[in-house]
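Here the structure comes first, spelled out in structure tokens, and everything after it is commentary.
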Amino acid sequence: MRLGAYDFVTKPFDLDEIVLAAERALDHSSLNREVVRLRAQGGQGQPAGSGRLLGSSGPMLDVFIMVGKVAETDSTVLICGESGTGKELVAEAIHNYSQRKDKPFVVVNCATIPENLLETELFGHERGAFAGAVGRKTGRFEMAEGGTIFLDEIGELSPALQSKLLRVLQERTFERVGGTETIRGNFRVLAATNRDLEASVRERVFREDLFYRLNVVRIPIPPLRERRSDIVPLAEHFLRIYSHKNGLPAVGFSDEAILMLQNCFYPGNVRELENMVERAVLMARRRVLMPGHFPAKGGTNGAGDPKQLEMDLLSLPFHKSIAELERRLIEKAIKESGGNKSEAANRLQINRRLLYNKMEEYKIKE
């Protein structure tokens, strides 16, 4: 594995397990080449916020596979992940690799538009539909004609708007507010949420039939703490962007800064890392970026300030905080055992097979 092997299997094994490992290795290899190509296209002069999807970790390669599979279809896609993981970038990638790429890509953040304005924002309105409606307004669905509409934070929709969106997904028709003309549209719908929509369905705050209409294809976006091998490439990407933006040379990170970045917890995910690097670029001013140029971060991956660790875990949903704590314990046991799996399993008081299963589940490398 240290020399570059993609995966391994333990005896006893069956043929299906070997075939699956080989298929994953082939996907991994082809997508690694695609990542290199996309990075080469990215350039160093992109404005902030226009960066492409970056990452060569296993979890991100899985995302790239899904993007490639769904881009050429017109299926509705639900993109799930914590805030700051890059859900809009995934939606934009799907659009850019689709046959609709030359048509509009329209973004609607359902959480930032007041509820009483969101309906007219989505569907438009006719003159005189309400006080202040002095003319016809074109809605976002009309703007997306022939292209893609991306509904971010879809879990924030009110029950009334959920019903209207369900009809749009079923029939591809809608009326402007205050109008009687039925408008038929040709658009693709992508949606994103940082909520557990299945739980919202169980709690009867989100329509089950709408959930199934949205959840035709689901793409889960991993949090940054689950793809730590992407942290340094992302940090270097943001360093180039903000150095160029501020007319400064991209001088690089010190070893201590790299270690600090790799050990941070990142409850705000990639967006938090981007903000940290932007601040450090401004503080360093043409010097190598040192730990002191970054905002103080107590939470680390593994040992760190216990109070900060508790705050980090409490910032996550319950099941994710338990999983994160479990992952940290396993990484700590492996590190303290010098990579010896049998000793690590003994320290954790679990069998080796369970340890290997957990390492695979949490993408823990040796």
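The values are calculated or read from the model by the stated rules, or taken from the named source; none is laboratory data. Keep in mind that this is a model prediction, so the values were computed, not measured. Here the Cβ positions follow ideal geometry from the backbone for every residue, glycine too, while neighbour counts run over all protein chains shown. Protein only, heavy atoms only, side chains kept; ligands, DNA and RNA dropped before computing areas. Shrake-Rupley method; radii C 1.70, N 1.55, O 1.52, S 1.80 Å.
Under 13 Å from a label point set 7 Å out along the Cα-to-Cβ vector of ARG287, the amide N atoms of the range 244-263 belong to 254. The amide H of ILE221, built 1.01 Å from its N in the peptide plane, has CYS80, GLY81 as neighbours under 5 Å, considering only residues 5 or more places off or on other chains. Using a Förster radius of 41 Å, what is the FRET efficiency between PHE13 and THR182 based on their Cβ-Cβ separation? Nearest 0.05, please. The pair PHE13/THR182 has a calculated efficiency of 0.10. Remark on VAL107: its backbone amide H falls under 5 Å from those of PHE150, a criterion applied only to residues 5 or more positions apart or on other chains, H modelled at 1.01 Å from N.
Highest mean first, what order results for 232-243, 112-123 on Cβ atoms within 10 Å? Kindly include the intermediate steps, with their values, before the conclusion.
Values: 232-243: 19.5, 112-123: 15.5.
Packing order, densest peptide first, comes out as 232-243, 112-123.
Put simply, the amide H of GLY252, placed in the peptide plane, has neighbours under 5 Å in LEU289, leaving out anything fewer than 5 places away on its chain. Remark: for residue pairs LYS332/LYS365; LYS341/LYS365; LYS101/LYS164; LYS11/LYS363; LYS320/LYS365, the C-alpha separation exceeds 22 Å in LYS101/LYS164. Karplus-based coupling profile of the range 326-335, in residue order and whole Hz: 4, 4, 5, 4, 5, 4, 5, 5, 5, 5, with θ = phi - 60° in 6.51 cos²θ - 1.76 cosθ + 1.60 and x standing for Gly or Pro. Subtracting the Cα-Cα distance of ASP102 and LYS69 from 0.36 nm times their residue separation leaves 10.0 nm of extension gain. Projecting the alpha carbon convex hull of the range 119-219 along each direction and taking the average yields 6.7 nm².
Figure note: VAL67, VAL9 ranked by solvent-accessible area, largest first, 1.4 Å probe, ligands and nucleic acids not counted: VAL9, VAL67.
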